[in-house]
Amino acid sequence: MEVNSLGAMYLNNTQMGGGLIDREQNSVNGAADFAETLKRTAASQAAEASPVPKSHIAVIDREDKLYEQCVELEIFMVKTLISSMRSTIQKSGFIDEGFAGKIYEDMLYDEYARDFAKNAGFGMAEMAYLELTGQRGKTVIR
């Protein structure tokens, strides 16, 4: 048997995806059922993806003093991050950097940090609260 005839036979009949490819018809055996197979697979995976059990859901009391302190910790960490990033920028000297200018800049970064912590959804306050209340590993539902 010639090598060329083996190659031609291999190209005409190859095993792909569980179906035999017929080069003359350009189809895969069982390809008509592909849409139905895809629907069944999606339905079975949706059934397997069950909601989180109630025992794994974290309880966060946003009125608790501990949670408020965790939020303040998050604000402090974000402010430290912003201040350290700002210290890498070279000052131009256009604005006078006196005592009042430094106080204004510090207050501005305080407000930036509060705004970022409130709107960005970092989640550090929730993680700290869960750790301190003994709920480590539970899921936070937003």
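Since every read-out is calculated from the coordinates, none of them should be taken as a lab result. All values derive from a computational prediction rather than experimental measurement. Cβ sites come from the backbone with ideal geometry, for glycine too, and all protein chains shown count toward neighbours.
Some observations on this one:
- Phi-based couplings in Hz for region 129-140 (Karplus 6.51, -1.76, 1.60; Gly and Pro marked x): 5, 5, 5, 6, 9, x, 10, 4, x, 8, 8, 8
- Sparsely packed GluC sites (Glu not before Pro) within region 87-142, loop by DSSP, other Cβ within 10 Å at most 16: 97
- Residues whose placed amide H lies under 5 Å from that of residue 57, excluding near-sequence neighbours: 139
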